[in-house]
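Below is one structure, written out as structure tokens, with a few remarks after it.
The values are calculated or read from the model by the stated rules, or taken from the named source; none is laboratory data. Here the structure is a predicted model, which means the values were calculated and not measured. For neighbour counting, all protein chains shown are included, and Cβ atoms are generated from backbone atoms with ideal geometry for every residue, glycine included.
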Amino acid sequence: MKYFVGLFLAFSCYLSLGAQTDSVRVDGFQFTTVKEVPITPVKNQASSGTCWSFSGLGLIEAELLRQGKGEYDLSEMFVVHKNYGDKAKKYVRMNGEINFAGGGSFADVLDCIQDYGIVPNDVQPGLNYGEEKHKHAELDHLTRAYMEVIVKKPNKKLSTAWYNGFEGILNAYLGECSETFTYQGVQYTPQSFAQSLGIRANDYVSITSFTHHPFYTAFPIEVPDNWRWANSYNVPLNELIQIIDDALDKGYTVAWAADVSEMGFNRKGIAIVPEIEVPEGVGSDQARWLDLSPEDKKAAKEKWTSPVPEKTITQEMRQEALDNYETTDDHGMLIYGTAQDQNGAKYYKVKNSWGTNNPYQGTWYVSVPFVQYKTISIVLHKDVLSKELKKKIGLQ
């Protein structure tokens, strides 16, 4: 994903700042919290395409809270380091014919924990290159350029040094992945630390909803950042939304992969699917939007400072948007609650990884139509799923 974390606590390590009060008002929106699941504090991916790691670990950290194991701050850059290594090996095996970039998916987080373990953030903050915040443009360009040279095989065959060279780049920027470390007076390996937390990758399941594959089957979503070709179970749209609601009702959070390039997703913490008024001389909503300059688009977004009528989303609309590249795999976040606006409309409370510099200190309020329309996939604990659904999809 262009992608996946944290929300905010102030009164306790179990409550996010976005939930310190039952009601919050910004501009013409007023939200009242209906349901909220405990999460860890919001973080900042800054200038890096690592939302998948932040949101994926945000899910795991929330799971540890749910299980009564306390608050943990896990290392996103350990996960990024290990996945860059796996991605490089697969890129070579595929002769450079797969996506190679800083993005990823929730499967990358779970597979990393399963294969390599995990470490606390203090052990590997991943800021070894003179910056106080994550800034990966140089790292991403450098690793890409390196791998393009490797797959061209200038020596006619791969040398035995190519991976050591690649890992050296990762170590220089993200720090070496420790084989052992001490945490709260106990010595661990990354694997033994993951085991002490009781994290099991196969406890989590990915769900999606598209019609180009049969419902109740599993398939790898065809987006560039799914370079592992990880499977998601396909269900109808109404069931996808019901799964999210069931998770929240039962006290679980949901990792959410979505398209945030939509005009209704703004930096003020709101995500909606507005019905656009068509000005004279423009034949359709889509034409109007496509004809606007970037400055006009920005101005239009700023006008949505209070609730507006939203589109009714159908399964067909979702599919058409995916097929036309209008829905792309942009960003990973964490759904952790629900709220209502002043008109009684339902929104999901979403933990982002863009820091706390927005009106809701890092939370986004996302309308139900937006989630219906722009969800790529969700990941959550399999215990949320009903026995009937598990039987339909063949999940044990």
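Numerical summary
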{"quantity": "Selection from region 148-178 of residues that are on the phi > 0 side of the Ramachandran plot and either in contact with a Cys (Cβ under 9 Å, 6 or more places away or on another chain) or surrounded by fewer than 15 Cβ atoms within 10 Å (Cβ to Cβ) (or both)", "calculated": "LYS153, LYS156"}
{"quantity": "Filter result for the condition that a residue is modelled with pLDDT of 95 or more and touching a Leu at 6+ places or on another chain (Cβ under 6 Å), over GLY58, GLY104, GLY117", "calculated": "GLY58"}
{"quantity": "Scan of region 325-340 for residues that are surrounded by fewer than 19 Cβ atoms within 10 Å (Cβ to Cβ) and in contact with a Phe, Trp or Tyr (Cβ under 8 Å, 6 or more places away or on another chain), ordered by number", "calculated": "GLN340"}
{"quantity": "Residue list for region 83-137, restricted to those being among the aliphatic types (A, V, I, L, M), part of a loop (DSSP other than H, G, I, E, B) and closer than 24 Å to GLN191 by Cα", "calculated": "ILE118, VAL119, VAL123, LEU127"}
{"quantity": "Test: residue in region 293-301 that is under 28 Å from ASN99 (Cβ atoms) and either modelled with pLDDT of 95 or more or hydrophobic (A, V, I, L, M, F, W, C) (or both)", "calculated": "no"}
{"quantity": "Tabulated pairs, region 202-230, first of a type in the set (Gly, Ala, Ser), second surrounded by fewer than 18 Cβ atoms within 10 Å (Cβ to Cβ) and part of a loop (DSSP other than H, G, I, E, B), C-beta under 7 angstrom, 6+ apart or interchain", "calculated": "SER209/PRO236"}
{"quantity": "Cβ pairs under 8 Å, 6+ apart, first in region 94-110 and at negative phi and of a type in the set (Val, Ile, Thr), second crowded, with 21+ Cβ neighbours inside 10 Å and outside any helix (DSSP H, G or I)", "calculated": "ILE98/TRP227; VAL109/PHE4"}
{"quantity": "Verdict on VAL24 being modelled with pLDDT under 95, over 18 Å from PRO125 (Cβ atoms) and outside any loop (DSSP other than H, G, I, E, B)", "calculated": "yes"}
{"quantity": "Residue in region 330-366 that is farthest from ARG267 (Cα to Cα), counting only those that are over 17 Å from the mean Cα position of the chain (by Cα) and among the small types (Gly, Ala, Ser)", "calculated": "GLY344"}
{"quantity": "Pick from region 225-236, criterion over 13 Å from ALA257 (Cα atoms) and not hydrophobic (A, V, I, L, M, F, W, C), ranking: surrounded by the fewest Cβ atoms within 10 Å (Cβ to Cβ)", "calculated": "PRO236"}
{"quantity": "Condition check for ASP203: surrounded by fewer than 20 Cβ atoms within 10 Å (Cβ to Cβ) and of a type in the set (Asp, Glu)", "calculated": "yes"}
{"quantity": "Hits in region 85-97 - residues which are in contact with a Phe, Trp or Tyr (Cβ under 8 Å, 6 or more places away or on another chain) and either farther than 22 Å from SER232 by Cβ or at pLDDT below 95 (or both)", "calculated": "GLY85, ALA88, LYS89, TYR91, VAL92"}
{"quantity": "From the options SER178, SER159, residue that is within 22 Å of ARG144 (Cβ to Cβ) and either in a loop (DSSP other than H, G, I, E, B) or touching a Ser or Thr at 6+ places or on another chain (Cβ under 7 Å) (or both)", "calculated": "SER159"}
{"quantity": "Condition met for LYS351 (surrounded by 21 or more Cβ atoms within 10 Å (Cβ to Cβ), at pLDDT 95 or above and either over 21 Å from GLN30 (Cα atoms) or touching a Phe, Trp or Tyr at 6+ places or on another chain (Cβ under 6 Å) (or both))", "calculated": "yes"}
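Residue-by-condition table, conditions (1) touching a Phe, Trp or Tyr at 6+ places or on another chain (Cβ under 8 Å); (2) surrounded by fewer than 18 Cβ atoms within 10 Å (Cβ to Cβ); (3) of a type in the set (Asp, Glu):
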{"residue": "ASN357", "(1), (2), (3)": "no, yes, no"}
{"residue": "PRO369", "(1), (2), (3)": "no, no, no"}
{"residue": "GLN372", "(1), (2), (3)": "no, no, no"}
{"residue": "GLU388", "(1), (2), (3)": "no, yes, yes"}
